[in-house]
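The values are calculated or read from the model by the stated rules, or taken from the named source; none is laboratory data. Quick caveat: nothing in here was measured; it's all calculated off a predicted structure. When we count neighbours, we look across all protein chains shown, and the Cβ atoms used for this are built from the backbone with ideal geometry, even at glycine. Just so you know, the surface numbers come from the protein's heavy atoms only, side chains and all, with ligands and any DNA or RNA stripped out. Shrake-Rupley method; radii C 1.70, N 1.55, O 1.52, S 1.80 Å.
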Amino acid sequence: MSIRANIAHIEEGLGGRARLVAVTKTKPVEVLMEAYEAGFKRYGENKVQEMAAKYEALPKDIEWHMIGHLQSNKIKYIVPFVSLIHSVDSFKLLKEINKQAAKAGRVIDCLLQMYIAEEETKFGLSEEEAVEILGSPELEQLTHIRIVGLMGMATNTDDDTQIRKEFRRLKSLFEQFRTYQSERVTMRELSMGMSSDYHIAVEEGSTLVRVGSAIFGARNYAI
């Protein structure tokens, strides 16, 4: 099927329960334009350099989501245009996003990346670390960021029962953290689910699914 048909098929399956973020890492501008010309404008990138280059090359009404690990020293390159940062995994990173967003005169929406998988991954907050951020008096001083939800990645496994359990855990944290409502915190987005497991994620309450290969195919392109 074409990119247009793949997007239409996925969005039909989502049925308005969650919004699709097309994961465009390693895909060239021409492929993104094919999706754009099909009317799709919400793209997720893993790497700052790649996102910044594509932003320059593509129409400016695209909604860019940073979904990969973000290094503090690279935030400045995406702060002028990024719509949502899914991958905030430390208070230090949140403070740096705030600092760079202040320089750009913007308020950046962010998700706290939670560690929910039963495998060794490098990134993600524990429940205790997230509570520390959300309950910190210092958070209210960060007037150029908003925490608008959570993101998580399930274990890379074929065991649907385990995947569902991990997504339920993230949804439970999401509901728990809703008690932290303030000017800086509004829990409304739950980013979970990728090409292999987004159906389960949507059943468990995801509002954003990050899908790449199911739209563009598994092929990687040379950049």
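Treating only the Cα positions of the stretch 77-152 as identical point scatterers, give the base-10 log of I(q)/I(0) from the Debye formula at each q in 0.19, 0.24 Å⁻¹. The Cα Debye sum returns log10 ratios of -0.75, -1.11. Taking all protein chains together and rolling a 1.4 Å probe, residue 36 ends up with roughly 50 Å² accessible. What nm distance separates the two modelled labels at residue 129 and residue 168, each placed 7 Å from Cα along Cα→Cβ? A separation of 2.6 nm, rounded to one decimal place. Solvent-accessible area of the stretch 109-196 (1.4 angstrom probe, protein heavy atoms only): carbon and sulfur portion equals 44 percent. When its C-alpha radius of gyration is set against 2.2 N^0.38 Å (N residues), the stretch 1-145 gives a value of 1.13.
Mean-square fluctuation check for the chain, GNM, Cα pairs under 10 Å: which of 130, 117, 104 is largest? Comparing 130, 117, 104 in the GNM, the peak value goes to 104.
Once each part is reduced to its C-alpha centroid, what is the distance from the stretch 44-85 to the stretch 165-220 in angstrom? Using only Cα atoms, the two centres lie 20 Å from each other. On a per residue basis, the stretch 91-223 carries 49 Å² of accessible surface, using protein heavy atoms and a 1.4 Å probe. Output the DSSP H helices from the chain with an along-axis C-alpha extent of no less than 15 Å and a mean Kyte-Doolittle hydropathy no less than -1.0. Membrane-span-like by this rule: 3-14, 91-104.
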